[in-house]
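Below is one structure; the comments refer to it alone.
Derivation of every value follows stated rules applied to the coordinates shown; laboratory data play no part. Since this is a predicted model, take the numbers as computed values, not measurements. Heads up, the Cβs are rebuilt from the backbone with ideal geometry, glycines too, and the neighbour counts pull from every protein chain shown.
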Amino acid sequence: MTILTLLSPAPPARPAAAATAPTLAVAAARQGLRPRVLRLALAAHARAVESGAVTRGRLTVIDYSLASRERRLWVLDLETQRVLARELVAHGSGSGGDLPRRFSNRPGSYASSLGSFLTGATYRGRHGLSLRLHGLDAGLNDRAEARGIVVHGAEYVNDGIVRVLGRLGRSQGCPALSPAAARRIIPLIAGGSVLFGYYPSPELERAPASR
């Protein structure tokens with residue numbers, strides 16, 4: 001299995017791995033997703049598939065090495081090899097200003113976490129439609145559920161805020177989308193797909209699900 005291993009169409013209970021997909025690599029690059037980040041995300045996805053937890057052939061990638069004012073979240077359909085969405089996404093206030101520098105798995109840190117997450121069930125909370133995340137990397141993001149780290153919409157995620165502040169608003173560690181993007185993206189990725197948060201850090205490189 002290569003690092004660019006992707007999914008082929010498979011029964012919903014267990015996506016299967018297939019050959020490399022240059023079409024997706026080209027489409028993602030055209031949408032601003034760097035090849036190295038894509039390779040790492042696909043490798044993490046393949047490991048999650050091997051664990052038997054993944055039931056949907058979609059992959060969400062967040063590149064936290066980019067500033068919050070950039071559209072740094074992508075949703076990829078690994079079966080059709082298409083980029084379904086590219087959106088703004090906020091990071092936690094404990095991670096820094098426009099460009100995050102710190103990441104944590106610790107409750108109360110208000111920082112974003114890196115690595116591989118499995119998407120869970122949706123619910124309606126104080127931010128409206130929200131999506132639970134289960135961290136797959138021990139010591140890196142496995143406290144996500146205890147910390148209440150979820151995908152949700154937030155009014156501080158929009159281009160107008162960027163024009164005023166020079167950056168997005170920040171969350172308490174959640175990957176927050178604009179309300180409109182949350183309503184569109186959460187149904188696309190809920191219930192058994194992988195979300196991968198990237199930043200060039202030794203901790204991420206050592207994470208079993210991300211190697």
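List of remarks:
- GNM result for the chain, Cα springs below 10 Å: residue of Ala27, Ala44, Ala176 fluctuating most strongly: Ala27
- In range of the label at His134: residues from region 159-191 whose backbone nitrogen is under 17 Å from the point 7 Å along Cα→Cβ: 189-191
- Loop GluC sites (Glu not before Pro), region 135-211 (other Cβ atoms within 10 Å of the site Cβ: 12 or fewer; DSSP): Glu155
- Spacing of the two label points (7 Å from each Cα toward its C-beta) at Arg34 and Glu70, in nm: 0.7 nm
- Hydrodynamic radius of region 105-158 per Kirkwood, over alpha carbon pairs, in Å: 11.7 Å
- Order by protection proxy (mean Cβ within 10 Å, highest first), peptides 124-132, 108-116: 108-116, 124-132
- Rg in Å to one decimal, and Dmax rounded to a whole Å, for the chain via C-alpha atoms: 15.6, 47
- Prolate/oblate/rounded call for region 40-158, Cα gyration tensor, a/c under 1.5 rounded: rounded
- Compared with the dominant Cα axis of the chain, that is its longest principal axis, helix 35-50 is turned about 70°.
- Residues whose amide H comes within less than 5 Å of that of Ala85, counting only those at least five positions distant or on another chain, are Val75 (H built at 1.01 Å from N in the peptide plane).
- In terms of overall dimensions, region 153-206 has a Cα radius of gyration and Dmax of 13.8, 38 angstrom.
- Look at where the Cα atoms of region 87-132 and of region 36-81 average out, and the two centres are 16 Å apart.
- Largest mean-square fluctuation among Ala180, Ala85, Ala48, in a Gaussian network model of the chain whose springs join Cα atoms under 10 Å apart, belongs to Ala180.
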